[in-house]
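Please read the structure below before turning to the comments.
The values are calculated or read from the model by the stated rules, or taken from the named source; none is laboratory data. This structure is a prediction, so every number in the text was calculated from the model and none was measured. Neighbour counts are summed over all protein chains in view; Cβ atoms, including those assigned to glycine, are modelled from backbone coordinates with ideal geometry. Please note that ligands, DNA and RNA were not included when accessible areas were found on the heavy atoms of the full protein model with its side chains. Shrake-Rupley method; radii C 1.70, N 1.55, O 1.52, S 1.80 Å.
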Amino acid sequence: MTLVLIRDDDTPTIVERVPQGEARRERTLRDLIYDNPAILPVRDIDPGYGRLFTVARELNIPGVGFIDVLLADEHGRLVVVECKLWRNPQARREVVGQILDYARELSRYGYEDLQRQISIATRRQGNVLYALACEAGGALDEAQFVDRVSRDLAAGRFLLLIAGDGITEGTRRIGEYLRAQPGLAFEFALIEFAEYRADDASGATRTIIQPRILAQTVTIERHVIRSEVAGVSIDAIEPRPTPRTVAPASEPSDASRSWQQFVDRFVAETVFDDPAQPLARRGGNGWIRVPLPDGLYVNLYRSAANQQCGAQMRFASLDGAAWKLCYADRDAIDAEFTAAGLPAPDWSEGEGEGPAIGLVTPSVIPWEPAEQDRMLRWMGVVANQFVNSFRPRLQNVHG
């Protein structure tokens, strides 16, 4: 297809389309959509959508990948966008499977899970999605908004968009493939961003981008039975011993009181990106327990003997489902730690104690106030990253 540009003197100029595969790079297309969500013809797909706003770029869905661009409208309806340059049929098939993987995983999320991942991507805390919706002119109160998004997550009700420079694969086969996906109530569309280039009167090259819908599905409602509470961690309750007469307990030592004050500060001052993360608590003198799903926890500790502080997760065995799931995703987890400004954690198979994942940092002993403040900040950042990386994965250990 070509375009015809009519100049002021009625002189026509033929504008040729840039061949597929030679147009804008994927990252450039992604950034174009991220900066200008209104260019997507979403209302032509579903007139019920309101004003679009950008939520995040490269939103991490642990265990699946990174969504190129996540958008939403003022009512909280989510739009997942994947960008692809269509150089070969394999790439076309892979991107369709990839966006469906995102939709399936999001349908397992509660609102708190989505809020956590958005906070990580945007480096903002609080109910970021609702704040962005308000900035875009949304009129729903926070409770209505959260309820609306939660229902859409549970039903798998999203708009999935694949944007590319040219889409030539048979859309009938793609439609049949999408209709065969159980448990989701998504809408889907292929959007082609045709690119044209022409020189203006001064000789400068101008680029014209034409977004257009090539194919879309209708929404098919399906019923799904799912747990509405994800990632509940249950800590074992030790049996209460039989009461017996004992001598009066001695007063806590100065070291014990000092550690309790440190734990109290950690609990009060540490803010997790995941709003559903249970509070940390004292595990003993010199360590703090941060609970995770599947009975696991992060042990934050201070070692006076080694003059260091650390964080560690220990697993039952190398054959356990939790260790296997996390180890299989080791590269992605390491990348998440480095993206947060931390070193990649140490992965140890253990010798008789079970495998473990940990980080350590030097710490001067005895603790002066400035060193306590520094360790408090370090433990807070590390604990938050352990929760961000492992909580969503461990929620899926048993399906």
Solvent accessible area, Å² - T270, 1.4 Å probe, full protein context: 30 Å²
Most to least accessible of I33, I120 (protein chains only, probe 1.4 Å): I120, I33
Fully extended contour minus Cα-Cα distance, from A268 to L214, at 0.36 nm per residue: 14.2 nm
Tensor-based shape of region 315-358 (alpha-carbon gyration tensor, a/c under 1.5 rounded, otherwise prolate or oblate): oblate
Near-label residues of region 52-76 by backbone N, under 17 Å of a point 7 Å along Cα→Cβ of D334: 63
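Please give me the summed charge of the neighbours of L325: other residues whose Cβ is under 13 Å from its Cβ, Lys and Arg +1, Asp and Glu -1.
So the surrounding residues net to +1.
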Surface/4 estimate of mean projected area, convex hull on alpha-carbon atoms of region 121-165, nm²: 4.8 nm²
Equivalent ellipsoid dimensions for region 59-168 as semi-axes, Å, which come from the Cα gyration tensor, largest first: 27, 14, 13
Order of exposure, largest accessible area first, which applies to D10, D329 with probe 1.4 Å: D10, D329
Paramagnetic reach from A344 in region 367-399 [backbone N under 17 Å; point 7 Å along Cα→Cβ]: 386, 389-390
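Jot down the per residue volume, in cubic angstrom and as a whole number, of the convex hull over the alpha-carbon atoms of region 279-397.
Convex hull of Cα atoms, per residue: 108 Å³.
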Region 360-399 residues near the modelled S258 label - backbone nitrogen below 20 Å, point 7 Å along Cα→Cβ: 361-380
Cα gyration tensor shape of region 29-71, rounded if a/c is under 1.5, else prolate or oblate by comparing a/b with b/c: prolate
Gyration tensor over alpha-carbon atoms, region 279-344, equivalent ellipsoid semi-axes in Å: 22, 17, 11
With all protein chains modelled, accessible area of K324 [1.4 Å, Å²]: 110 Å²
Rg/Rh (Cα only; Kirkwood hydrodynamic radius) as it applies to region 347-399: 1.11
Accessible area, probe 1.4 Å, largest first, for residues C83, C134: C134, C83
